[in-house]
Amino acid sequence: MKNFIFSILLLAAISTFYFLSCEKDMGVSHNPSNPDVIVINTTQTNCVQIIAGQNIVAGELCFDDVDTDNNGYDDMLKVTYTTTNGWELTEAHFHIATGLSGIPVTKKGNPIPGQFAYNSGPITGTTYTFNIPFSSLNITCPSTAPFSRYYAAHCVVRKDLGGGNWQTETGWGAGPGFSGSNWGMYNQFTLYCDNPPPPPPPNYRCETAFGKGIGSLATCFICNFEDPPYLLQNCGGSQGGRWGWSNGPYNTGTYTLELWAAAGQCITSNGTLVGSININYSGSTAVVTYTTTSGFTLDEVHLYVGSEPLYKRTQGQQEYTIAPGQFPKIAEGLPPNTTSYSFNINNLSGPIYVVAHAVVCGNF
């Protein structure tokens, strides 16, 4: 949903056909406490009909908003004409002003589309959009006050009748009529700036993390598996490889690993202790449970448990890998605020090694 509301408010009675066509949408009142509802009159829509030849529904005129600089606040108005039922656009003119007197009209009160601020020139097709920066409308979001603007949306539409014959009509975005003798319509919208959700804490981010055992049971690996052979010999402490810990060997029993995030090159003083990993190895089964400390959550977890210090893929050339996405146990895209996750690993025997990876998010 967009970050603010366009509430098109009809200022006078619209012709009977317009009310009848919208009757199915009537009865939904504007609720300013809900900034994610777009309301036109008392309908829950952000569009009005395009009326051609005074009594033909030829399409719709819709309002939208865009955040062009991705700062969380919309800063551009999109006004889109769309024709239907065989009609196509050949011209579009749009004008917007702070008051009705700002829309160009003759002394007799007839609108002058040729003097409107936004002009498509000759066009063909069933849709056309004017992109209007808020800055040109003296609108700046965020703002607690709504912005009210008047507009007139004119177009020329045509329909192919066959045999080289066309029906051409003038069209307007539905609304009250101007005071002059020529037909034309205007309307009004009220724009409510939305307050975007508060930004995360300044140090909030997601970091890679590995489990680290106690003492000599944790062996740092800094592996470079970019070039063959993909062997353990490539994990000799090179500064150019991936870091982490292989933990073990563990016989049956219960063990605890520390979960360290952003501890590049296995230097814990550069990282953050973000949780723990419990290993309960009994019989032929190990239950491995990740738990984060307060303020941190799990986004992904990847686990290898086996009889070798690193995971050896059985496919291909039976190469070793320290890429977490290739580990046997994977859980990604965990629900928000996940603080604990467990894996059961079966068919184990003898001493085991554990490489436990996670992506942890929080205020580092």
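Values in this text are rule-based calculations from the coordinates and carry no lab data. All of these numbers come straight from a predicted model, not from anything done at the bench. Cβ sites come from the backbone with ideal geometry, for glycine too, and all protein chains shown count toward neighbours.
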### Message
For the ranges 101-109, 81-89, 177-185, 158-166, what's the packing order if you count other beta-carbon atoms within 10 Å of each residue, average per peptide, and put the highest first?
### Response
81-89, 177-185, 101-109, 158-166
### Summary
Applied in sequence order to region 123-136, the curve 6.51 cos²θ - 1.76 cosθ + 1.60 (Karplus, θ = phi - 60°) yields integer Hz couplings, x standing for Gly and Pro, of 9, 9, x, 10, 8, 8, 10, 9, 9, 10, x, 4, 4, 6
### Burial ranking of peptide ranges 326-333, 215-222 (average Cβ count within 10 Å, highest at the top)
215-222, 326-333
### Task
List, in the order given, every pair from 108/159; 212/312; 78/108 whose Cα-Cα distance in the structure shown is over 29 Å.
108/159; 78/108
### Task
Within 10 Å, count the other beta carbons around each residue, average over each peptide in 266-275, 302-311, 131-140, and list them highest first.
302-311, 266-275, 131-140
